[in-house]
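Okay, structure first, notes after.
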Amino acid sequence: MTTERIRRAHLERVTRETRIAVDVDVDGSGAATIHTGVGFLDHLWDAVARHGMFDLNVTADGDLHIDSHHTAEDVAILLGRAFDQALGDRRGIVRIAHAYAPLDEALALAVVDVSGRGHGEIDAPIAEPMLGTLDSDLVRHMLVSFAVEARLTLHARILAGQNGHHRAEALYKAFARALDAATRLDARLGDAVPSTKGTLG
């Protein structure tokens, strides 16, 4: 197995609605520097970095005078693309993993298949319409956007909890831990692709 494999990516995206730059190191230490102008958005991706042991740098300048939608969606899109690029041909990865994460009364489950096919099934009802300045529906929408762009299958569900902050954060922690486990290199595989097709494209 190639132990010196570098799994990093830097991407930028500029539209009429947002200007975003991201750096991703899949084999990081959980370091995060995230500045999007939306506090709870920063908080969720910071949790992904720290609990997934990914290094993430994210800067975003979006049309927050409208709302948080474009910024949150475009951050998720670009992070998904960066993970896809960093993972390359996905040789030697575990590929499929799941994780539960609690936060006080809240509990969430995430299952990840780094399959080369982007799909998200997210069951994440949150009663509060807003979490800080983040539209709470974006908690779900960001994960779908990430999964599609990262070309992975993600099933995630909030199983318990009353507090919207706790429910959302538990979901992202579960996602982070499942993504970390699924993208780890498995020494038993060497440079083999974990697929009967021989490719994860």
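Descriptive notes on the structure:
- Within segment 7-57, tally of residues that are of a type in the set (A, V, I, L, M) and either within 14 Å of Tyr172 (Cβ to Cβ) or outside any strand (DSSP E or B) (or both): 12
Residues checked against (1) over 20 Å from Ala150 (Cα atoms); (2) of a type in the set (A, V, I, L, M, F, W, C):
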{"residue": "Arg16", "(1), (2)": "yes, no"}
{"residue": "Asp27", "(1), (2)": "no, no"}
{"residue": "His51", "(1), (2)": "no, no"}
{"residue": "Val75", "(1), (2)": "no, yes"}
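- Taken over segment 138-164, the criterion of being part of a helix (DSSP H, G or I), in contact (Cβ under 8 Å) with a residue 60 or more places away in the chain and not aliphatic (A, V, I, L, M) is satisfied by His141, Ser145, Phe146, Glu149.
- Evaluated against (1) surrounded by fewer than 19 Cβ atoms within 10 Å (Cβ to Cβ); (2) under 30 Å from Arg188 (Cβ atoms); (3) touching a residue at least 60 places away in the same chain (Cβ under 8 Å), Val48 falls short on exactly one condition, (1).
- Residue ranges of strands (runs of 3 or more DSSP E) in segment 62-137 with at least 3 members touching a strand residue (DSSP E or B) at 6+ places or on another chain (Cβ under 6 Å) and crowded, with 22+ Cβ neighbours inside 10 Å: 106-113
- Test result for Val111, over 16 Å from Asp23 (Cβ atoms) and of a type in the set (A, V, I, L, M): yes
Computed from the coordinates by the stated procedures, all read-outs in this text should not be read as laboratory data. Bear in mind the structure is a predicted one, so any value in this text is a computation, not a measurement. Note: ideal-geometry Cβ built from the backbone for every residue, glycine included; neighbour counts use all protein chains shown.
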